[in-house]
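Q: To start, I am sharing the structure in question, which I have written as structure tokens.
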Amino acid sequence: MWGYDQIREFTATKVAEKLKDIAPENIVTPHPNVAGPAIEALRYTGHEESLSEMYASLLATAMNKDTIQKAHPAFVDIIKQLTPDEAKIVRGFAKDESINPLISVLATSRPDKNIYDGYSIILKNFSQIGERAGCDYVQLIPAYLDNLVRMGLCEIPEGVSV
């Protein structure tokens, strides 16, 4: 757990680095409903680079007159619900707007049955997303994707099959 000295150092370096190209007159005090929860959340996640990077970006956005309106207070709660690997995936989505293919393999118990009459999931949401994002626990990618879908950060089309 980070103490306030570590958080102060973090904001003095990481957040300041993100604001280095902003004119001093455009740097403002962030709204407390964004900065307060973000700083408090850093106590518990500051040691996780992928998450602390998201908080640094949010704080820098909230401190720039030109982007302050983009720093919604709900973003803190969204980041709180991410694992470090999920943060890496989201960062990858932001960098590359292309489609990320994935596959789920379903099997029927009997060859004469239609897949829609009953099936078992053999493999769910398999993809290369985790490897490309540099995730530590690639075996958890299906669960990560389920969480990102639940939060509305990505979608997995239903009914597309080969």
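Q: Just wondering, is there one or more residues in the range 133-151 that are modelled with pLDDT under 90, of a type in the set (A, V, I, L, M, F, W, C) and not in a helix (DSSP H, G or I)? Even if it seems obvious, please write down each step before you answer.
A: Keep residues of the range 133-151 that are modelled with pLDDT under 90, which gives none.
There is no residue in the range 133-151 that is modelled with pLDDT under 90, of a type in the set (A, V, I, L, M, F, W, C) and not in a helix (DSSP H, G or I).
Q: Test of understanding: among 33, 26, which residue is within 23 Å of residue 152 (Cβ to Cβ), surrounded by 12 or more Cβ atoms within 10 Å (Cβ to Cβ) and out of contact with any helix residue (DSSP H, G or I) (no Cβ under 8 Å at 6 or more places or on another chain)? Spell out how you get there, then give the answer.
A: Values: 26 fails: within 23 Å of residue 152 (Cβ to Cβ).
Within the list 33, 26, the selection yields 33.
Q: Only one of these is within 18 Å of residue 82 (Cα to Cα), β-branched (Val, Ile, Thr) and at pLDDT 95 or above: 27, 39. Name it. Steps first, please.
A: Values: 27 fails: within 18 Å of residue 82 (Cα to Cα).
Criteria check complete, one pass: 39.
Q: Do we find a residue being surrounded by fewer than 12 Cβ atoms within 10 Å (Cβ to Cβ), among the aliphatic types (A, V, I, L, M) and either touching a strand residue (DSSP E or B) at 6+ places or on another chain (Cβ under 7 Å) or at pLDDT below 95 (or both) anywhere in the range 11-20?
A: yes
Q: Let me ask you something else. So which helices (runs of 4 or more DSSP H) are wholly in the range 3-109 and hold at least 3 residues that are touching a residue at least 40 places away in the same chain (Cβ under 8 Å) and under 29 Å from residue 126 (Cβ atoms)?
A: Numbers: elements: 4-10, 32-45, 49-62, 74-80, 84-95.
Because the criterion is at least 3 residues that are touching a residue at least 40 places away in the same chain (Cβ under 8 Å) and under 29 Å from residue 126 (Cβ atoms), the helices (runs of 4 or more DSSP H) in the range 3-109 that meet it are 84-95.
Q: Out of all the residues in the range 49-94, which are among the charged types (D, E, K, R), under 17 Å from residue 133 (Cβ atoms) and assigned by TED's automatic domain parsing to the domain that holds residue 28? Can you show your working first?
A: Taking the range 49-94 first, the residues among the charged types (D, E, K, R) are 49, 53, 65-66, 70, 77, 80, 85-86, 88, 91.
Now drop any that are not under 17 Å from residue 133 (Cβ atoms), which leaves 49, 53, 85-86, 88, 91.
The answer is 49, 53.
Q: From (1) over 21 Å from residue 46 (Cβ atoms); (2) at pLDDT 85 or above; (3) surrounded by 11 or more Cβ atoms within 10 Å (Cβ to Cβ), pick out the condition that doesn't hold for residue 69.
A: (3)
The values are calculated or read from the model by the stated rules, or taken from the named source; none is laboratory data. Keep in mind that this is a model prediction, so the values were computed, not measured. Ideal geometry is used to build each Cβ from the backbone, glycine not excepted, and the neighbour counts take in all protein chains shown.
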